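**Q** Can you keep this structure in mind? I'll have questions shortly.
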Amino acid sequence: MKPQVLVCRAMFADVVARLREHFEVETNDADDTWPRGELIRRLQGKAGVFVTSSEPMDAKLLAACPDLKAVCSMAVGYNNIDVPACTARGILVSNAPGVLTETTADLGFALMLAAARRVTESERFLRRGEWTRWSVEMFAGGDVHGATLGILGMGRIGQAIARRGALGFSMPVIYHNRSRLAPSIEAELGARYVSKEALLRDADHIVIVVPYSAASHHLIGAAELAQMKRTATLTNIARGGLVDDAALAEALRERRIAAAGLDVFEEEPKVHPGLLDVPNVVLTPHIGSASLPTRRAMANLAVDNLIATLAPGAREAPPTALNPEVLGTAPSA
Ligand code: DGY
């Protein structure tokens, strides 16, 4: 008998075919969002689960799924997975870092450019048929080239954004992070470490690329927005919950900052109505990593991790395990 694996969302056919070489696979071809009870029911007897950032893998759910030995996510962010609870149960957890870095940085830059240059706001105006003549201040926004780029969170994606800003757009780059980068990396990126307060005060365009946790909840709220320049933009491509959406909607409505670009939301897929009401925000539905080659690479990395962890006779270590220490204790299925 092959080990059983559940794939929680509709997936590329060739990726599922790879899994079927090693496992009995249950798929979700309808791409339904399974309620919690149904997810638990489907996980009975499953040794592995292929998840995205949408399925909660919390301690209570894990306790109800005693056969589980591997939780492999195709996302880089893993705030939906209780890693310590998995470790305590001998469940291997993996995520998908690296493969989506450049694609996600591209979208961060796209949102920042669109917000600063009022791209979607002006497109809506045009589509409404309101464009009757050219005028000197029509949709005049802020410049991106040469402006100060402030990056909150300087992991792989933050660094890829810094590189785009410094090398492509001649932007002085300042950043704030839990830990400071090595001087050689700072020099390569032309990035200067500053306090969060200095970043809020001095940046013309702020991009958030911080992992979400209880400690980073509402990293940007009303107090932080009040410290930003009135001409500044704020872009969030990391996770909803890092920004207080209600406070941001109000700051945008009152023009306390110029504009925002958001790919993630506190209650996604629900979007705060205040954000839908204001013109000066560019909104995308969590598509940071959504290029086809990157989504395929993310999915294949999750499969690599499942195969390495659970396939009978597998020899390789899971390439991107978050708790490799469980491998000494986890019985292979
Ligand atoms: C990630 O990989 O964390 C992206 O946000 C997709 O969920």
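The values are calculated or read from the model by the stated rules, or taken from the named source; none is laboratory data. Just so we're clear, the structure is a prediction, and the values are computed from it rather than from any experiment. Please note: Cβ atoms are built from the backbone with ideal geometry, for glycine as well, and neighbour counts cover all protein chains shown. These area figures cover heavy atoms from the full protein model, side chains too; ligands, DNA and RNA do not enter into them. Shrake-Rupley method; radii C 1.70, N 1.55, O 1.52, S 1.80 Å.
**Q** So how many residues does the stretch 195-206 have that are over 11 Å from residue 232 (Cα atoms) and either in contact (Cβ under 8 Å) with a residue 60 or more places away in the chain or surrounded by 15 or more Cβ atoms within 10 Å (Cβ to Cβ) (or both)? So that I can check it myself, show each step before the final result.
**A** Step one: filter the stretch 195-206 for residues over 11 Å from residue 232 (Cα atoms), giving 195-199.
Among the residues that remain, those that are also either in contact (Cβ under 8 Å) with a residue 60 or more places away in the chain or surrounded by 15 or more Cβ atoms within 10 Å (Cβ to Cβ) (or both) are: 196, 198-199.
Here the count works out to 3.
**Q** Turning to a different aspect of this structure: Kindly indicate the residue of the stretch 34-67 that is hydrophobic (A, V, I, L, M, F, W, C) and under 16 Å from residue 19 (Cβ atoms) and also surrounded by the most Cβ atoms within 10 Å (Cβ to Cβ) among those meeting that condition. Steps first, answer last, please.
**A** Within the stretch 34-67, the first condition is being hydrophobic (A, V, I, L, M, F, W, C), and the residues that meet it are 34, 39-40, 43, 47, 49-51, 57, 59, 61-65.
Checking the rest, the ones that are also under 16 Å from residue 19 (Cβ atoms) come to 43, 47, 49-51.
Numbers: 43: 25, 47: 23, 49: 26, 50: 29, 51: 24.
Across the stretch 34-67, the extreme among qualifying residues is 50.
**Q** Need pairs with beta-carbon distance below 6 Å; first residue in contact (Cβ under 8 Å) with a residue 12 or more places away in the chain and within the stretch 91-105, second among the aromatic types (Phe, Trp, Tyr) and open to solvent by 10 Å² or more (accessible area, probe 1.4 Å); sequence gap 6+ or separate chains.
**A** Close Cβ pairs satisfying both conditions: 95/78.
**Q** Against the condition in contact with a Leu (Cβ under 9 Å, 6 or more places away or on another chain) and among the basic types (Lys, Arg), how does residue 89 come out, does it pass?
**A** On the way: in contact with a Leu (Cβ under 9 Å, 6 or more places away or on another chain): yes; among the basic types (Lys, Arg): yes.
The answer is yes for residue 89.
**Q** Right, next: Any residue at all in the stretch 278-298 that is in contact with a His (Cβ under 6 Å, 6 or more places away or on another chain) and either open to solvent by less than 40 Å² (accessible area, probe 1.4 Å) or farther than 19 Å from residue 111 by Cβ (or both)? Outline the logic, then answer.
**A** Restricting attention to the stretch 278-298, the residues satisfying the condition of being in contact with a His (Cβ under 6 Å, 6 or more places away or on another chain) are none.
No: the stretch 278-298 contains no residue that is in contact with a His (Cβ under 6 Å, 6 or more places away or on another chain) and either open to solvent by less than 40 Å² (accessible area, probe 1.4 Å) or farther than 19 Å from residue 111 by Cβ (or both).
**Q** List the pairs whose first member sits in the stretch 279-296 and is of a type in the set (D, E, K, R), whose second member is modelled with pLDDT of 95 or more and within 14 Å of the ligand (Cβ to nearest atom), and whose Cβ atoms are under 9 Å apart, counting only residues at least 6 apart or on separate chains?
**A** 295/74; 295/100; 295/103; 295/289
**Q** So, one more: When residue 27 is evaluated against the numbered criteria (1) more than 21 Å from the chain's Cα centre (by Cα); (2) open to solvent by less than 50 Å² (accessible area, probe 1.4 Å); (3) in contact (Cβ under 8 Å) with a residue 24 or more places away in the chain, which criterion, by number, is the only one it fails?
**A** (3)
**Q** Of all residues in the stretch 12-22, how many are under 17 Å from residue 304 (Cβ atoms) and open to solvent by 40 Å² or more (accessible area, probe 1.4 Å)?
**A** Taking the stretch 12-22 first, the residues under 17 Å from residue 304 (Cβ atoms) are 12, 14-22.
Remaining after also requiring open to solvent by 40 Å² or more (accessible area, probe 1.4 Å): 12, 14, 17-18, 20-22.
Final tally of qualifying residues: 7.
**Q** Just give me the residues in the stretch 215-240 being free of Cβ contacts under 8 Å to residues at least 60 places away in the same chain and either within 16 Å of the ligand (Cβ to nearest atom) or not hydrophobic (A, V, I, L, M, F, W, C) (or both), in sequence order.
**A** Across the stretch 215-240, the qualifying residues are 216, 217, 218, 221, 224, 227, 229, 230, 236, 240.
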